[in-house]
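Undergrad: Before I ask anything, let me first share the structure, which is written out below as structure tokens.
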Amino acid sequence: MEERSLHLVIVGHVDHGKSTLVGRLLFDTGSLPPEKLEDIKRVCESMGKELEFAYVMDNLEEERTKGITIDIAHTFFMTRKRRYVIIDAPGHKEFLKNMISGTSQAEAALLLVDISRGIQDQTLRHCHILSLLGIKQVAVLVNKMDLADYSESSFKEVEAGIGSVLASLNIKPSYIIPLSASKGENVAKRTEKLNWYSGPTVLEALDSFSTLRVEEKGLRFPVQDIYSFDGHDIAVGRVEAGSLKKGQEVFVLPQKSKSKIVEIKKFLEGDITEAPTGDCVGILTEGAKLKRGQILTDEIKSEITDKIRANIFWMVDKDYKLGIPVTFKCATQEVKGRIEKIHRRFDPASVSIVENNASIIKPAEIAEVDIKLDAPVTVDKFSDVPELGRFVLEHAGYPVAGGIII
């Protein structure tokens, strides 16, 4: 089994079957605890309903009452190949802010379309979100095939429509799969009712996706702080990509100065020769004097720049006007600046672009922007090294926007 988990987001119009699919995935892979299954049965019986797998995810009383998914929920299941972290994203537009926060962690996506309802407004919105976040591994699941009597022609019609929408957004789906999540058909097991379909099941499709192996990339070690101990300065931080080795020569960015790793220290551990991705360690170096916000790397492949092109989601109730100062925070870097250009902005609830070459960003809008900083920072594309490709913008000490570097 692979060591790394794959982070997966599930999106689609409300009532197209997201929560049911998650419940079915957990059940079919044996990842659903027996006590949870009994709890679901009890709740469904009390409501006079048959067993509904949607309640695996929709376990808030308000969700059960209204039949909608409100919050971002994280859960896990395993196949023989790997472990999956599922991010179940809400579909209602009032929860779109949460959905974007959840999707920004994902390496792949499942997009559900109800065969009986076809492509809806929220389907289009979610396609735009996946495009903006640069998620390339996408499988479209045409759900509720039982309601269409497993019709191949009905499936082909939806397949052509959603394929066209995704193509317009430069997304080529890896698979378009017919299934019935409620009946478990084509999720983990095939069914004769869909014998005209020769592609993979949902689980087979997921297992074909690749994980982002940041541990195989070059070193990225953002310096979080400096502590003085026994007359030495110890730099502490987390290895975000690659590995840190004792005796290693490193570059200190953005200055491009050089340093050498003399010692690697970890709480309650002895002499350490190497720290892999994910390790939080202290290091003793010789050469350039380190400070918070610097990035140590064994190669200069990151971008060193004072101008950032990014997609941002404006999170607060006040408009942003060009020129208002912001603070850019990425990993441990913190630099003042301002949004210099708003290339385009759109309201996710209306799908289409609201304005090109805009001068303001309104609440809950997404915008493609250029950010001009007062000093250079070290960044990567979000798709390459996520921790150095995502950021927060603050104003007056409060977060106002989140974004990814494109």
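Condition check ((1) under 13 Å from Leu393 (Cα atoms); (2) out of contact with any Phe, Trp or Tyr (no Cβ under 8 Å at 6 or more places or on another chain)) across all residues:
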{"site": "Ala288", "(1), (2)": "no, yes"}
{"site": "Ile295", "(1), (2)": "no, no"}
{"site": "Asp298", "(1), (2)": "no, no"}
{"site": "Ile312", "(1), (2)": "yes, yes"}
{"site": "Lys318", "(1), (2)": "no, yes"}
{"site": "Phe328", "(1), (2)": "yes, no"}
{"site": "Gln333", "(1), (2)": "yes, yes"}
{"site": "Asp347", "(1), (2)": "no, yes"}
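Undergrad: Which residue, of Ser168, Ser210, is of a type in the set (S, T, N, Q), touching a Leu at 6+ places or on another chain (Cβ under 9 Å) and surrounded by fewer than 18 Cβ atoms within 10 Å (Cβ to Cβ)?
TA: Ser210
Undergrad: Can you tell which of Ala310, Ala275 is closer than 30 Å to Leu124 by Cα, aliphatic (A, V, I, L, M) and buried (at least 21 other Cβ atoms within 10 Å of the Cβ)?
TA: Ala310
Undergrad: Restricting attention to segment 182-205, which residues are within 20 Å of Leu110 (Cα to Cα) and assigned to a loop (DSSP other than H, G, I, E, B)?
TA: Ser182, Lys183, Gly184, Asn186, Val187, Ala188, Arg190, Tyr197, Ser198, Gly199, Pro200, Thr201
Undergrad: Restricting attention to segment 356-384, report how many residues are touching an Asp or Glu at 6+ places or on another chain (Cβ under 8 Å), touching a residue at least 60 places away in the same chain (Cβ under 8 Å) and acidic (Asp, Glu).
TA: Within segment 356-384, residues that are touching an Asp or Glu at 6+ places or on another chain (Cβ under 8 Å), touching a residue at least 60 places away in the same chain (Cβ under 8 Å) and acidic (Asp, Glu) number 3.
Undergrad: Inside segment 259-317, can you point out the residues that are touching a residue at least 40 places away in the same chain (Cβ under 8 Å), assigned to a strand (DSSP E or B) and closer than 20 Å to Asp225 by Cα?
TA: Cys280, Val281, Gly282, Ile283, Leu284, Thr285, Ile295, Leu296, Thr297
Undergrad: Of all residues in segment 10-36, which are in contact (Cβ under 8 Å) with a residue 40 or more places away in the chain and part of a loop (DSSP other than H, G, I, E, B)?
TA: Listed by number, the residues that qualify are His13, Val14, Asp15, His16, Gly17, Thr29, Ser31.
Undergrad: Let me ask something else. Scan segment 180-195 and give yes if some residue there is more than 21 Å from Arg24 (Cβ to Cβ), outside the structural domain of Ala288 (by TED's automatic domain parsing), touching a strand residue (DSSP E or B) at 6+ places or on another chain (Cβ under 9 Å) and not β-branched (Val, Ile, Thr), otherwise no.
TA: no
Undergrad: Say we look at segment 324-363 and pick out the residues that are modelled with pLDDT of 90 or more and assigned to a loop (DSSP other than H, G, I, E, B); which of these is surrounded by the most Cβ atoms within 10 Å (Cβ to Cβ)?
TA: Ala331
Undergrad: Ok, one more. Check Glu240, Glu204, Glu286 and return the single one that is acidic (Asp, Glu), in contact with an Asp or Glu (Cβ under 7 Å, 6 or more places away or on another chain) and not assigned by TED's automatic domain parsing to the domain that holds Leu373.
TA: Glu240
Undergrad: Give the residues of segment 359-406 that are farther than 20 Å from Glu340 by Cβ and small (Gly, Ala, Ser), sorted by residue number.
TA: Answer for segment 359-406, where residues must be farther than 20 Å from Glu340 by Cβ and small (Gly, Ala, Ser): Ala364, Ser383, Gly397.
Matching residues to (1) touching a residue at least 12 places away in the same chain (Cβ under 8 Å); (2) of a type in the set (Ser, Thr, Tyr); (3) in contact with a His (Cβ under 9 Å, 6 or more places away or on another chain); (4) part of a loop (DSSP other than H, G, I, E, B):
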position	(1), (2), (3), (4)
Leu147	yes, no, no, no
Ser154	yes, yes, no, no
Ala167	no, no, no, no
Ile171	yes, no, no, yes
Asp207	yes, no, no, no
Glu215	yes, no, no, no
Phe221	yes, no, no, no
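Undergrad: Within the set of pairs 6 or more residues apart or between chains, which connect a residue that is surrounded by 11 or more Cβ atoms within 10 Å (Cβ to Cβ) inside segment 37-50 to a residue that is at pLDDT below 75 and outside any helix (DSSP H, G or I) with Cβ atoms less than 7 Å apart?
TA: Ile40/Leu51; Lys41/Leu51; Cys44/Glu50; Cys44/Leu51; Cys44/Glu52
Undergrad: Which members of segment 184-233 meet the condition of being of a type in the set (A, V, I, L, M, F, W, C) and more than 20 Å from the chain's Cα centre (by Cα)?
TA: Selection gives Val187, Ala188, Leu194, Trp196, Leu219, Phe221, Val223, Ile226, Phe229.
The values are calculated or read from the model by the stated rules, or taken from the named source; none is laboratory data. Since the structure is predicted, the reported quantities are computational estimates derived from the model, not experimental observations. All Cβ positions, even for glycine, are placed from backbone atoms using ideal geometry, and neighbour counts span all protein chains on display.
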